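S.K.: Below are the structure tokens for one structure; questions will follow.
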Amino acid sequence: MKALKWWLAVLSVAALPVHAADFKLGFINIERIYREAGVSVAIYKKLDKEFSSRRDELKKMETRAKDLESMLAKNSLSPDDRKRFEREYAGLDRDYRAKSRELAEDYNQRRNEEFAGVTERANRAVKEIAQRENYDLILQEAVYINPRFDLTPQVLKELDK
């Protein structure tokens, strides 16, 4: 679908008459906006704080797993201890994988929820810039773009107001 949108944009630019020297083109890098806008940085800090306890729990599990690995590497363990540690390690590994997967899913869902507002605000800012400065076309994705067409700094400035 993205490829189709891109080709439609290219075809519409190519279909313009050669004498349309007043055609105004712009580009925004949405990934850069997600990284650099003040609201984006605040969202990442909020999410880090929200998910820090779950990350800390995973780190504790990692530490325990390393301890168990080093204990299992010793040849001096009794068969009963070895079996107990192996069971504990297998259970810990299973729990770690499940909790890690849940954390990733929950984090991505929350990030998407939070960034929906940023996307909406960025799109509004782009439309305001386009209308104010008479742009004919503003793209969000391109393989290459000349830096003179990049409106990302203007959008970042608008978002940080």
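The values are calculated or read from the model by the stated rules, or taken from the named source; none is laboratory data. These figures come from a predicted structure and were not determined experimentally. Because the Cβ atoms are built from the backbone with ideal geometry, glycine has one as well, and the counts that use them run over all protein chains shown. Each accessible area value is taken on the protein alone, full model and side chains, heavy atoms only, with ligands, DNA and RNA left out. Shrake-Rupley method; radii C 1.70, N 1.55, O 1.52, S 1.80 Å.
S.K.: Is it the case that D81 is without any contact (Cβ under 8 Å) to a residue 24 or more places away in the chain, over 15 Å from the mean Cα position of the chain (by Cα) and open to solvent by less than 90 Å² (accessible area, probe 1.4 Å)?
M.R.: It is true that D81 is without any contact (Cβ under 8 Å) to a residue 24 or more places away in the chain, over 15 Å from the mean Cα position of the chain (by Cα) and open to solvent by less than 90 Å² (accessible area, probe 1.4 Å).
S.K.: Scan segment 36-48 and tell me whether some residue there is at pLDDT below 95, closer than 26 Å to E128 by Cα and open to solvent by 70 Å² or more (accessible area, probe 1.4 Å).
M.R.: Scanning segment 36-48, I find at least one residue that is at pLDDT below 95, closer than 26 Å to E128 by Cα and open to solvent by 70 Å² or more (accessible area, probe 1.4 Å), so the answer is yes.
S.K.: Right, another one. Looking at the structure I just gave you, is F51 in contact with a Leu (Cβ under 8 Å, 6 or more places away or on another chain), surrounded by 15 or more Cβ atoms within 10 Å (Cβ to Cβ) and within 30 Å of L159 (Cβ to Cβ)?
M.R.: Spelling it out, F51 is indeed in contact with a Leu (Cβ under 8 Å, 6 or more places away or on another chain), surrounded by 15 or more Cβ atoms within 10 Å (Cβ to Cβ) and within 30 Å of L159 (Cβ to Cβ).
S.K.: When you scan segment 96-119, do you find a residue that is part of a loop (DSSP other than H, G, I, E, B) and either modelled with pLDDT under 95 or surrounded by fewer than 13 Cβ atoms within 10 Å (Cβ to Cβ) (or both), even just one?
M.R.: Checked against the condition, which is being part of a loop (DSSP other than H, G, I, E, B) and either modelled with pLDDT under 95 or surrounded by fewer than 13 Cβ atoms within 10 Å (Cβ to Cβ) (or both), segment 96-119 yields no hits at all.
S.K.: Do we find that L72 is touching a residue at least 40 places away in the same chain (Cβ under 8 Å), hydrophobic (A, V, I, L, M, F, W, C), assigned to a helix (DSSP H, G or I) and surrounded by 10 or more Cβ atoms within 10 Å (Cβ to Cβ) in this structure?
M.R.: It is false that L72 is touching a residue at least 40 places away in the same chain (Cβ under 8 Å), hydrophobic (A, V, I, L, M, F, W, C), assigned to a helix (DSSP H, G or I) and surrounded by 10 or more Cβ atoms within 10 Å (Cβ to Cβ).
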